[in-house]
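Written below as structure tokens is the structure these notes are about.
The values are calculated or read from the model by the stated rules, or taken from the named source; none is laboratory data. Being a predicted model, the structure only gives us computed values, none of them experimental. Cβ coordinates were reconstructed from backbone atoms using ideal geometry, including for glycine residues, and neighbour counts include every protein chain displayed. Ligands, DNA and RNA are excluded from the accessible area calculation, which covers all protein heavy atoms including side chains. Shrake-Rupley method; radii C 1.70, N 1.55, O 1.52, S 1.80 Å.
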Amino acid sequence: MEIVVDNEEFCIRLYQNVAYLKVIGIQDKTGADFFEKTIDEVISKYSHDRFAALCDLTELILPHPSISRQINRAIVKLSDNLNFGHNAVIVEPKFLQIMQAYIFSFYLRNISAKTKIFKKESRAVEWLNELNYQLTEIEGFLSEKTT
């Protein structure tokens, strides 16, 4: 299964057993609905044994808690329906403590995936590689994106 999404709020790629998600700006109800619909599509079509996510939240503006709870429900659904093993989250270093507290309080409540917060994308990719996830296509996409 492969998913490619590029819009004003999200950049999403799903290649092999890793999903890349970049959230841009502040999320509203429309963005949360779109995210939930995308998660439902992944759940219905995903065929790999295990799954990891690489989430770039460096451009995220924290939304209203009600929107964050809706996003959390979608992530919990993903966690409950797939073998969601690991979640690498990249945040802006100067907002690390605020973002980390918000992410664990709202987005990642009650999920089974082991989550680790990173300041650098390269370290997040390295961590998922060490756990034997297939990042070849994601790494190719990320290198194209920066050139």
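The length gained on full extension between Glu130 and Asp40, counted as 0.36 nm times the residue separation minus their Cα-Cα distance, comes to 29.6 nm.
Beta bridges assigned by DSSP with both partners in the chain are antiparallel in approximately 35 percent of cases. Every helix of 4 or more DSSP H residues in the chain counts as -39500 (n - 2.57), and over all residues that averages to -13000 deg cm²/dmol at 222 nm. Which shape class, rounded, prolate or oblate, goes with segment 24-94 when its Cα gyration tensor gives a ≥ b ≥ c as root eigenvalues, a/c under 1.5 marks rounded, and past that a/b bigger than b/c marks prolate? Cα axes put segment 24-94 in the oblate bin. Evaluated with a Cβ-only charge set (Lys, Arg +1; Asp, Glu -1), segment 20-109 carries a dipole of roughly 160 debye about its Cα centre, given to the nearest 20.
Classification of segment 90-147 by its C-alpha gyration tensor yields an oblate form. The axis ratio a/c (a ≥ b ≥ c) is 1.5 or more, and b/c is at least a/b. Expressed in nm², what is the orientationally averaged projection area of the convex hull enclosing the Cα positions of the chain? It is 7.9 nm².
Averaged over its residues, segment 43-104 has an accessible area of 49 Å² per residue, based on protein heavy atoms and a 1.4 Å probe.
Rounded to the nearest Hz, the phi-derived 3J(HN,Hα) couplings of segment 119-132 under the Karplus curve 6.51 cos²θ - 1.76 cosθ + 1.60 (θ = phi - 60°) are 8, 10, 4, 4, 5, 5, 5, 4, 4, 5, 4, 4, 8, 6, where x marks glycine and proline. A simple spin-label model places the labels of Arg50 and Thr115 2.0 nm from each other, with each point 7 Å out along Cα-to-Cβ.
Within a straight-line Cα-Cα reach of under 19 Å, Lys119 can be paired with the following aspartates and glutamates, leaving aside sequence neighbours fewer than 8 residues apart in one chain: Asp56, Glu59, Glu92, Glu130, Glu139. Here's how it looks for Ala19: its modeled amide H is under 5 Å from those of Ala52, Ala53, Leu54, which are all 5 or more places away or on a different chain. Modelled label positions at Lys77 and Lys29, each set 7 Å beyond Cα in the direction of Cβ, lie 1.7 nm from each other.
First compute the accessible area of the chain with a 1.4 Å probe, then give the percent of it belonging to carbon and sulfur atoms. The value for the chain is 50 percent carbon and sulfur by accessible area. Partners of Lys29 within straight-line reach, counting lysines whose Cα lies under 21 Å from its Cα and excluding those fewer than 8 residues away in the same chain: Lys37, Lys77. Summary of packing: across the peptides 14-20, 49-55, the per-residue average of other C-beta atoms within 10 Å ranks them, highest first, as 14-20, 49-55.
Computed from phi, the 3J(HN,Hα) profile of segment 134-144 under the Karplus parametrisation 6.51, -1.76, 1.60 (θ = phi - 60°) reads 8, 9, 3, 5, 5, 4, x, 4, 5, 6, 5 Hz, with x in place of Gly and Pro.
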